[in-house]
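Only one structure is covered here, and it is reproduced in the block below.
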Amino acid sequence: MTKNALKAADRYLLSPHDLGHEELEKALRKLMRHGIDYGDLYFQYSRAEGWGLEEGIVKSGSFSIEEGVGVRAVSGEKTAFAYSDDISMNALLDAVRVTRAIGTADRKQKVKVTPRKPPVRLYRADDPLASLDDTAKVRLLERLEAFARADDPRVVQVMAGLGGTWEVVLVARSDGHITADIRPLVRVSLTVIMEENGRREQGSAGGGGRFDYGYFTDETLRGYALEAVHQARINLEAVSAPAGVMPVVLGPGWPGILLHEAIGHGLEGDFNRKGSSAFSGRIGEQVAARGVTVVDDGSLPDRRGSLAIDDEGNPGARTVLIEDGILTGYMQDITNARLMSMKPTGNGRRESYAHLPLPRMTNTFMLNGERDPAEIIASVKKGLYAVNFGGGQVDITSGKFVFSASEAYLIENGKVTRPVKGAALIGNGPDALTRISLIGNDMALDPGVGSCGKDGQSVPVGVGQPTLRIDGLTVGGTG
């Protein structure tokens, strides 16, 4: 795939601007002459579109093309960065002159860029935006709305969205490596509002990944519609959630967002290097209950969070973060790995050429245990079963979190009974890890809807987990 990606990078990023490998080498040599420890050039070409349907009418649409280059220089713990949406040799050299000023010496350094070994092919290179014409895209959203309305006459409003991006990235580094990637990404989202006796509730669903719009068959769209309507229907029937400390059972798949937010960010390299994470300096220690194994894996085929290469040119990889309760590693980009005397893990990510790379999650999930999910629910006399989550907040330093459940039920005498609304889970991520008492054998990944924010940057991610029982969580309710 790298050869095809390098050809695409030449076609979209270099040749139109009279650039080639020689020009990249020249820019990198000038950058490194000032005693810089490491430098790179990050080129990006991106096409994106979005379609929004409401009340049976396409009310919003967007299309954009962006391209540019970012230049980074690293010296010790100092980083300088400049970017330009003008891809030209003059703009490249101007960015080099700005960033190399953090260096302390004048020295010559040879730089010979050499294509890296092709990474494993994780997704197709086809442009998803071209996989359907505009009429077919509108009809896709109309079918989605029709499926939702057909499932329950109480549906009074449907909002559906379709989005896709296709981007080509090229990374040229001061160590001579040059590599590229072609990244497709699509997503469908659906929100329905149901009304009964003056009460309105909503439900949401959707999915996507690194493929084209052909993924969204009628069967897939119908599944989204049934899920969103089911969630709204349940919320119409829901009673106020109880409050107090109780065992909580988390369902498989998307509830892994709690793992992502409350624990995952605390395992990113920069927070641990700075000592601001609750997991800082704890590698080799038991930080979770036995049986808990958490991985970050950017090498899964077609997944929303996957990367053939990260935004520093390192291959997407599987990194075991916690193994059988023991902390085994952090997610690293090049800079933090170097400063911590560790190896990069393929987690250097940036929103675009106009942003610095940071250590970020890709697809983060907990592995299977041995328990049957029904057995886990049956073990709870009185507690909460949380199937879906909405928004949440977490403090990286303390690990404290608050998450709202968008679909939840009471567990009474080992059985799932009444749906509840207004439930919020309150706790501490590292502490919650130690309170996991039962782990299911039904691990699932989310349907492909996750986005993660950090330092003002948003990137696509995946989450997942099996059914879990966590003892002694605080539930904030309205009842």
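The values are calculated or read from the model by the stated rules, or taken from the named source; none is laboratory data. Everything numeric in this text was worked out from a predicted model, so none of it was measured. Backbone-built Cβ (ideal geometry, glycine too); neighbour counts: all protein chains shown. Ligands, DNA and RNA are excluded from the accessible area calculation, which covers all protein heavy atoms including side chains. Shrake-Rupley method; radii C 1.70, N 1.55, O 1.52, S 1.80 Å.
Summary of the geometry: segment 61-133 and segment 284-333, compared by the centres of their Cα atoms, lie 25 Å apart.
Measuring with a 1.4 Å probe in the full set of protein chains, what accessible area per residue, in whole Å², belongs to segment 247-399?
34 Å²
For the chain, the relative contact order comes to 16 percent (Cα pairs under 8 Å, sequence separation of at least 6).
In terms of the mean number of neighbouring beta-carbon atoms within 10 Å, the peptides 127-138, 463-474 order highest first as 463-474, 127-138.
For segment 327-419, relative contact order (Cα pairs under 8 Å, six or more residues apart, normalised by length) works out to 19 percent. For the listed residue pairs Lys112/Lys454; Lys26/Lys78; Lys78/Lys112; Lys112/Lys274, the alpha carbons are over 30 angstrom apart in Lys112/Lys454; Lys112/Lys274. Protein-only accessible surface at a 1.4 angstrom probe places the residues Met443, Met246 in the order Met443, Met246, largest first.
With each label modelled as a point 7 angstrom along the Cα→C-beta vector, the Arg290-Glu54 pair spans 5.4 nm.
Only protein heavy atoms count here; on that basis, with a 1.4 Å probe, Trp51 has an accessible area of about 50 Å². Put a plus charge on the Cβ of each Lys and Arg, a minus charge on the Cβ of each Asp and Glu, and nothing anywhere else: the dipole of segment 51-187 about its Cα centre is then about 1000 debye.
Using R0 = 41 Å, the C-beta based FRET efficiency linking Lys112 and Arg139 works out to 0.20. Evaluated over the Cα positions of the chain, the convex hull gives a direction-averaged projected area, one quarter of its surface, of 22.6 nm².
On average, how much accessible surface per residue is there in segment 1-156, in Å², for a 1.4 Å probe, leaving out ligands, DNA and RNA? That works out to 53 Å² for each residue.
Between segment 382-431 and segment 337-374, what is the separation of their alpha carbon centroids in Å? Cα centroid of segment 382-431 versus Cα centroid of segment 337-374: 24 Å apart. For segment 263-346, a crude dipole built from +1 on the beta carbon of Lys and Arg and -1 on the beta carbon of Asp and Glu, taken about the Cα centre, is about 200 debye to the nearest 20. Once the Cβ-Cβ distance of Glu370 and Lys415 is raised to the sixth power relative to R0 = 22 Å, the FRET efficiency obtained is 0.50.
Given 0.36 nm per residue, what is the gain on full extension from Ala146 to Asp395 after removing their alpha carbon distance, in nm? All intermediate terms of the calculation are to be shown ahead of the outcome.
Values: separation 249, 0.36 × 249 = 89.64 nm, distance 4.15 nm.
Result for the pair: 85.5 nm of gain on full extension.
The antiparallel fraction among DSSP beta bridges confined to the chain stands at about 90%. Rounded to the nearest 5, the antiparallel percentage of DSSP beta bridges internal to segment 337-479 is 90%. If you plug the beta carbon distance of Glu237 and His21 into 1/(1 + (r/R0)^6) with R0 = 60 Å, you get a FRET efficiency near 0.40.
Expressed as a whole percent, the accessible area of the chain that falls on carbon and sulfur atoms is 49 (1.4 Å probe).
Only Cα pairs under 8 Å and at least 6 apart count here; give the relative contact order of segment 172-317 as a rounded whole percent. Can you show the working numbers first?
Numbers: 144 pairs, mean separation 30.9, N = 146.
Computed over segment 172-317, the figure is 21 percent.
Of the whole protein surface, Lys7 contributes about 140 Å² of accessible area at a 1.4 Å probe radius.
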